[in-house]
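Undergrad: Could you have a look at this structure, given as structure tokens, before my questions?
The values are calculated or read from the model by the stated rules, or taken from the named source; none is laboratory data. These numbers come from a predicted model, not from an experiment. In this analysis, Cβ positions are derived from the backbone assuming ideal geometry, glycine residues included, and neighbour counts consider all displayed protein chains.
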Amino acid sequence: MGSIETAAASHLVPVLKAYQFDYPDVHLRLITGETHGLLQKVKAGELDGAFVYGPLNEPHIEYLPVFEEELVLISEPGRNNVSELLTKPMLFFDVGCTHRVKAEHFLRENGVTSYQIREFGTLEVILNGVTAGLGVSLLPQSSIAKADKEGRISTHRLPEGYRELQVGFIYQSGQVYSSALSSLLEGLDCEIEAEL
């Protein structure tokens, strides 16, 4: 199974714990990556499924919405002038990072046409870079909540069109699913119904 790092860090532990309790004989392997790369691995059959940013409308791929997130702008502590913050470098994951597209639209809408993007490989490295004042980032609220509570960063709410973020589970359609994958899908359906 695959997952974007932010979902793995903030949402998947309880889901996987419940699944492992119910199905102790299933050997789970979790890899992290960005949405596009994980989608390609699911299409190629290298992964049974993956948690990605969505919604996705891909041929032969089923998409099950699982979590709703809020995307926030984060900066070093004590920085509150958003116009000034938007002139700082943007710190992101690799090239396929989904937040980059939203960030670029947000920057253009705010009149910023020249900006730097710096790639930092993990969530913790991005948070440490932001804390040190190397730049700002757009990340899901749930993935930065601990750093925010500890005062390591400042958070800034984005306009409504930019803050909505959905995480879903993708898998190949029209396949004969293993009992392990079928059980996971049933568990995710129960999680969704419980949140409604």
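Undergrad: Need at least 3 residues that are assigned by TED's automatic domain parsing to the domain that holds residue 143 per element, so show me which strands (runs of 3 or more DSSP E) inside the range 47-101 make the cut, counting only ones lying wholly within it.
TA: Here the list reads 61-75, 90-92.
Undergrad: Further, regarding this structure: Which of the residues belonging to the range 106-125 are assigned to a helix (DSSP H, G or I) and over 21 Å from residue 81 (Cβ atoms)?
TA: Scanning the range 106-125 gives 123, 124, 125.
Undergrad: Let me ask another. Residue 158: touching a Lys or Arg at 6+ places or on another chain (Cβ under 7 Å) and under 12 Å from residue 72 (Cα atoms), yes or no?
TA: Judged against the criteria, residue 158 is not a match.
Undergrad: Let me ask something else. Pull up the range 145-188, narrow it to residues that are of a type in the set (Ser, Thr, Tyr) and either in the same structural domain as residue 45 (by TED's automatic domain parsing) or modelled with pLDDT under 90 (or both), then point me to the one that is surrounded by the fewest Cβ atoms within 10 Å (Cβ to Cβ).
TA: Only one residue tops the list, namely 179.
Undergrad: Additional query: Restricting to the range 73-101, name every residue that is touching a helix residue (DSSP H, G or I) at 6+ places or on another chain (Cβ under 8 Å) and farther than 29 Å from residue 185 by Cα.
TA: 73, 74, 75, 76, 77, 79, 86, 90, 91, 92
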